[in-house]
Amino acid sequence: MDSRFLALTRVITLGPLFFDLLAIDRYVFRSGNPFLGFPRNLTELFAPPDRVFRLLQREGVIPASARCISCEHCGGADTEPDKNVARIDIVYSTPGSQREELRVFVKLPSARQYKLYFKALLAAASTDNKEVAFHNVILPELARQAGGREKLGFAAPKNLFAAWSRPFERSILIQECVDMDRFHSRPDWMDADARMVERILDSATDLHRRTWQLRGMPPKVLGKFLERSGVDWLDPGVQFYARRASSSFQEIWKAIQKRTAREPVTISHGDCRMGNCLFSSDYSEVILTDWEVNSITFYLWDITYCMTVSFTPDDRRRHEEAFIRRYLDALRENPQITDVPSFESAMELHRIGMLCIQIFSWLISRFGGVGQTQGNSDEDMHSWKEKLDGAMADVLGDPVGLARALDVDVSLVQQFREDYYSGKILRAD
């Protein structure tokens, strides 16, 4: 049965029920719901103070015989409308008076900024919280196939506990803190150099090689995704606004869907950029964080996305061909991958991908997933705009090439370009 039909069935049958539960949660219980095990904010997280200690003890991360000494918020908290995060120092003792310390990072996504009806439909349609599913199912399976996490060519924070309350679209993730003496973050507005992007792309490449065309992915992994091809993961958001979009956009989107449906797919990080990475001091190691939108996408999504939002437009133009050749060559090193696309085909898809990134940016800006309230500075926003403007100038500056890549008439691309620069596409009014 088609996955979209199943999603629609869930929305029709479960949507009204989830809406009622969410309304009770938000307007009746307000500060705390006794039927939920997951806190929605830092106040609830520390009530009682040893809540995280007891949860990790129940999960076997901390010995059952251990006694909690302290569980303190140690800074680094960041509050957003739909997410609270904190670093916590846990100190406990074990028999024999051994003193142990564990520093953890806790994330509490709750999606509370969304309208109730949208949140109810999202919870009904979703098969799982994507970040929870990645840490609980996808990464462990990839590590099992590789023979251990240390044999994977990409790194993610160590998961201690992750769970999801589907009706309430609320989740909790507890991860072992990365050693910040060895690793550091770098904001997106600080333009990347080639070695940084190379390290990120090497990580993405390993993920793609292991999930190429979803070969070897068991049902327990594939069941976490509704999408199966191309831009399926973006389509629900696009359709939500399609009635407000220009006809040229709707036709271009259909062409994008048709072209990307023919391309090989992989499991991708989805938001593969500097701000979602931690780097070692010499940039030889990178840890990919924030797997909130990991999805099944056309194979080049992470590569195009990373280069577009990390490099300045001039640096992207300077390096994009070399990095795409490097990526394709790395795929060919895997003897099980015999259907690696040609460089010419990949460059066409790269141009289409930059257009998709602009569409993605439109959607997250309208769904409230970007901005100062989401932890993105004005410098980040300005930097992203410059980079996306440069990408769109390149894509729309070659209407013949884009028309050829999408197999549409040049006049459609020209009309789309006119609508884009006049602001008639995906208007919110």
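The values are calculated or read from the model by the stated rules, or taken from the named source; none is laboratory data. Here the structure is a predicted model, which means the values were calculated and not measured. No Cβ is skipped: glycine too gets one built from the backbone with ideal geometry, and neighbour counts run over all protein chains shown. Accessible surface areas use protein heavy atoms only, side chains included; no ligands, DNA or RNA. Shrake-Rupley method; radii C 1.70, N 1.55, O 1.52, S 1.80 Å.
Observations on the model:
- Length, then width, then depth: along the principal axes, the Cα atoms of segment 127-215 run 43, 32, 22 Å.
- Note on the chain: Rg/Rh from Cα positions, Kirkwood definition for Rh, rounded to two decimals, is 0.97.
- Shape category assigned to segment 162-263 from the gyration tensor of Cα positions, a/c cut at 1.5: prolate
- Rounded to the nearest 20 debye, dipole of the chain from Cβ charges on Lys, Arg, Asp, Glu: 1400
- Over 30 Å between alpha carbons, listed pairs Lys151/Lys258; Lys130/Lys151; Lys119/Lys385; Lys387/Lys424; Lys83/Lys254: Lys151/Lys258; Lys83/Lys254
- Under a Gaussian network description of the chain, with springs only between Cα atoms under 10 Å, the residue in Arg325, Arg366, Arg58 that fluctuates furthest is Arg58.
- Cut-off under 5 Å, modelled amide H: who pairs with Ile69 long-range: Val91, Tyr92, Ser93
- Taking 7 Å steps out from each Cα toward its Cβ at Thr127 and Arg54 produces label points 3.5 nm apart.
- Length-normalised contact order of the chain in % [C-alpha pairs under 8 Å, at least 6 apart]: 15
- Accessible area (Å², per residue) of the chain, counting only protein heavy atoms and a probe of 1.4 Å: 45
- The tail of the calculated P(r) for segment 113-177, taken as Cα-Cα distances beyond 18 Å, holds 46 percent of the pairs.
- Averaging Cα coordinates gives a centre for segment 376-421 and one for segment 331-354; these two points are 22 Å apart.
- Estimated FRET transfer efficiency (Arg228, Gln145; beta-carbon r; R0 30 Å; 0.05): 0.90
- Inter-label distance, Ala64 to Ala322: 5.8 nm, where each label sits 7 Å from its Cα along the C-beta direction.
- Full-stretch length increase - Ser280, Glu379 - with 0.36 nm per residue and alpha-carbon distance subtracted: 33.3 nm
- ³J(HN,Hα), Karplus 6.51/-1.76/1.60, whole Hz, each residue of segment 403-412, x for Gly, Pro: 4, 5, 5, 9, 6, 10, 6, 4, 4, 5
- Springs join every pair of Cα atoms under 10 Å in this Gaussian network model of the chain, and among Ile138, Ile174, Ile90 the largest mean-square fluctuation is at Ile90.
- Rounded percent of accessible protein surface that carbon and sulfur make up, the chain, 1.4 Å probe: 51
- Exposed loop sites, defined as GluC sites (Glu not before Pro) outside DSSP H, G, I, E and B with at most 16 other Cβ atoms within 10 Å, are absent from the longest region of the chain, namely 60-284.
- Considering only Leu388, Leu55, Leu173, the mean-square fluctuation computed in a Gaussian network model of the chain, springs between alpha carbons under 10 angstrom, is largest for Leu55.
- Potential lengthening of the chain between Met180 and Arg195 amounts to 3.4 nm, from the contour at 0.36 nm per residue minus the alpha-carbon distance.
- Potential lengthening of the chain between Leu116 and Lys220 amounts to 34.5 nm, from the contour at 0.36 nm per residue minus the alpha-carbon distance.
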